[in-house]
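Below you'll find the structure, written out as structure tokens, and then a few comments.
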Amino acid sequence: MIRKIPVILVTPFLLLVGCGDSTKNSHSSAAFSEPLVATVLEKVQQEYVEKPDEQKMLEGALNGMLTALDPYSCFFTPESYKIYIESQKGEFGGLGMNILLIDGILKVVAPMDDMPAQKAGIKPGDLITHIDGVPLTSIPNNEVLKRLHGKPGTSVSLKISRAMGTPFVVKITRDLIIVNPVKYHTEGNIGYIRISTFNDQTTDKLTEAIQAIIKSLPKNLRGVVLDLRNNPGGGAEQAVSVSDLFLDSGTIVQVKSRNTAHNHIYKAKGKDLLKGIPIAILINQGSASASEIVAAALRDNHRAVLIGEKTFGKGSIQDHYSIGSHGTIKLTIATFYTPNGQEIQGKGIQPDILLAPVVPDPIKELAKNTETDDKQLQRAIDLLQGLWAVKIRP
């Protein structure tokens, strides 16, 4: 039985909103003393140009306090937490992309397969600088989510800054986001499995995909390509159970924290469904969190070869803490390390074979779906054919 991991690593919609904790702590630093806060509040009440909105000030203070820790620790108002929870259910109205707000910069981790953002040409690493013409710097953190979230059929305009390119504006129509985590087919005698996210259906769907591929090629299956490109992650428990499908033994991931109660080593307890058939995993800068756990687990256990680009580097765990009617805190409590002891957070996973995709012109690609990079996929297929021919396993 897998020990429960306390949080979903990324949301299917957004990784943002402000942060903070309004509860008292008798052990707090003097920097957070009530007299200091009261002094600042009194001065604002006396001298600010307009009558201040104290609730807005409180939320802003909480936001600033937790975002100063890291980009993933967040404070949700009751309203923003409701939107967050809705985005976890697999069906919601939105753009279909995972984003991260860091120091006032909204960065795209990855667009989701076949969703409005991907169809509009949004790519991993894109920076969103304006929403409906309003600079991001003028939008409070806890308002960003609400401006992107909306009813299917409505539209939002985003100004995009992309590396080595001219900023451009794209209008995206929101849609009902229904997440299908696994797709598969065969390429000759090679199986291809695409995992687009890690939700509560991923392991079951992946098991079905593996069984279907084996059934279609009972004697001729020479290898499997596991495509984790632009997969921003999801449930950590799913990352562990997915890795377990390809391993007979070995460490999957290590969890480490200042609070030793959170420390744990997750080991394989399943049975390799592919029985040693070679695996090539495709990764890129949009592969994050749960994707990085799976890629590292299979590589470090000599079960797969990694092809593509360095991954995003999101390897931390957040837990949620209710503060009653005031809202909810999402707080980083631990970080992930690969079986070989490499920290994932901020470092990412390097591929065994570096193969970057061709960078297209952003304007020409706005209306195209460019999820599949044929060079990377073909390299993986060729590699698997070669490994099979000489009876070598990763």
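Among the protein heavy atoms, those of Ser216 account for about 70 Å² of accessible surface (1.4 Å probe, every chain in place). A simple spin-label model places pseudo-atoms 7 Å from Cα toward Cβ; at His185 and Glu50 they are separated by 5.5 nm.
Within the straight-line cut-off of under 16 Å between alpha carbons, the aspartates and glutamates reachable from Lys43 are Glu34, Asp53, Glu54, sequence neighbours fewer than 8 places apart in one chain being disregarded. Take each peptide in 304-316, 286-298, count the other Cβ atoms within 10 Å of every residue, and average; sorted highest first, the result is 286-298, 304-316.
Any idea what % of Cα-Cα pairs in the range 108-264 are farther than 23 Å?
On the way: 6656 of 12246 pairs.
Cα-Cα pairs in the range 108-264 separated by more than 23 Å: 54 percent.
Students sometimes get this wrong: rank Thr335, Thr173 by accessible area, probe 1.4 Å, all chains present, largest first.
Values: Thr335 30, Thr173 75 Å².
My answer, sorted largest first, is Thr173, Thr335.
Average accessible surface for the range 45-126: 47 Å² per residue, computed with a 1.4 Å probe over protein heavy atoms with every protein chain in place. Ligands, DNA and RNA are left out, and with a 1.4 angstrom probe the accessible area of the range 166-246 is 40 Å² per residue. Per-residue packing, averaged as other Cβ atoms within 10 Å, sorts the ranges 38-44, 323-329, 105-111, 238-244 into the order 238-244, 105-111, 323-329, 38-44, beginning with the highest.
The calculated FRET efficiency for Met164 paired with Thr137, based on their beta-carbon distance and R0 = 22 Å, is about 0.45. The charge dipole of the range 213-309, taken about its Cα centre with unit charges on the Cβ of Lys, Arg, Asp and Glu (plus for the first two, minus for the last two), comes to roughly 280 debye.
Fully extended, how many nm does the chain gain between Val37 and Ile214 (0.36 nm per residue separation, minus their Cα-Cα distance)? Don't skip to the answer; put the middle values down first.
Working: separation 177, 0.36 × 177 = 63.72 nm, distance 6.40 nm.
Additional length available on full extension: 57.3 nm.
Each of the peptides 195-201, 145-151 was scored by the mean count of other Cβ atoms within 10 Å over its residues; in descending order, highest first, they stand as 195-201, 145-151.
The values are calculated or read from the model by the stated rules, or taken from the named source; none is laboratory data. The shown structure was predicted, so the numbers you read here are calculated from the model rather than taken from an experiment. Because the Cβ atoms are built from the backbone with ideal geometry, glycine has one as well, and the counts that use them run over all protein chains shown. When the accessible area is computed, the model is the full protein with side chains, heavy atoms only, and any ligands, DNA or RNA have been set aside. Shrake-Rupley method; radii C 1.70, N 1.55, O 1.52, S 1.80 Å.
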